Amino acid sequence: MIKNQKLINDLNEYLNEYPDEYLKVGKVLDFVKNHNNCFDRNNWSGHFTGSAWVVDTSRDWILMTNHIQLNMWLQLGGHAEGNSNLLAVAVKEAKEESGLENFKIMSSKIFDLDIHQIPVFRNTPSHLHFDVRYLLETKHEEDRLIASNESHEIAWINKNDVIDKNPESSIARMLDKMKRY
């Protein structure tokens, strides 16, 4: 069996569902097939991250973090740290970054995919994040949120206000994809 075959299969399934994203999916497939250390944070050509687009049960609110390093509102997520199960990474990061424990996995399929450049930060060189995103659901419990040390703040953002917090195309794409659920 080819190394990382499950992720390759998941990426091909994603491509079937979103054929207009073929250039990006092709780059991610090339990366996973040609970099043995693609899940390692020390790979400065790039590495995988797992993210969670967290919605409440009404689908009107998105749980987002104001990330310290990037100084912008983002979905929850983080480095794979060697773990090729990016759904597990996304769930772990959602718990660590929110203080919440109970998340429902809406689908084990990839919800969204993004490649983005991370700027130089302290002793870390600029590099790419190959971000695999999953859709999670949890109860809207503001009083139970605890921001991690990687965040200025964590908050439920109404879906109508998300683009005001972060107008990037990948955020708009996830808002649009939410309509399928």
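Read-outs throughout are calculated quantities, based only on the coordinates presented, and are distinct from any laboratory measurement. Worth saying up front: this structure is predicted, and the values here are computed from it rather than measured. All Cβ positions, glycine included, derive from the backbone under ideal geometry; neighbour counts span all protein chains shown.
The distance linking the stretch 70-92 with the stretch 41-68 is 6 Å (Cα centroid to Cα centroid, whole angstrom). Kindly express, to the nearest 10 degrees and within the range 0 to 90, the angle between helix 22-34's C-alpha long axis and the longest C-alpha principal axis of the chain. Tilt of helix 22-34: around 60 degrees.
A simple spin-label model places the labels of Glu168 and Lys33 2.7 nm from each other, with each point 7 Å out along Cα-to-Cβ.
Here each label is just a point 7 Å from Cα along the line to Cβ, and for Asp176 and Glu153 those points are 2.9 nm apart.
What ranking, highest mean first, results for peptides 57-63, 13-19 when packing means the other Cβ atoms within 10 Å averaged over each residue?
On the way: 57-63: 16.1, 13-19: 13.7.
So the order, starting with the most tightly packed, is 57-63, 13-19.
Exceedance of the 29 Å cut-off in Cα-Cα distance is limited, within the set Lys3/Lys109; Lys6/Lys95; Lys33/Lys165, to Lys33/Lys165. When DSSP beta bridges are restricted to pairs lying wholly in the chain, around 70% turn out antiparallel.
Its Cα centre serving as origin, the chain has a Cβ charge dipole (Lys and Arg +1, Asp and Glu -1) of approximately 480 debye. Among the GluC sites (Glu not before Pro) in the stretch 99-181, those located in a DSSP loop and surrounded by at most 12 other Cβ atoms within 10 Å of their own Cβ are Glu101.
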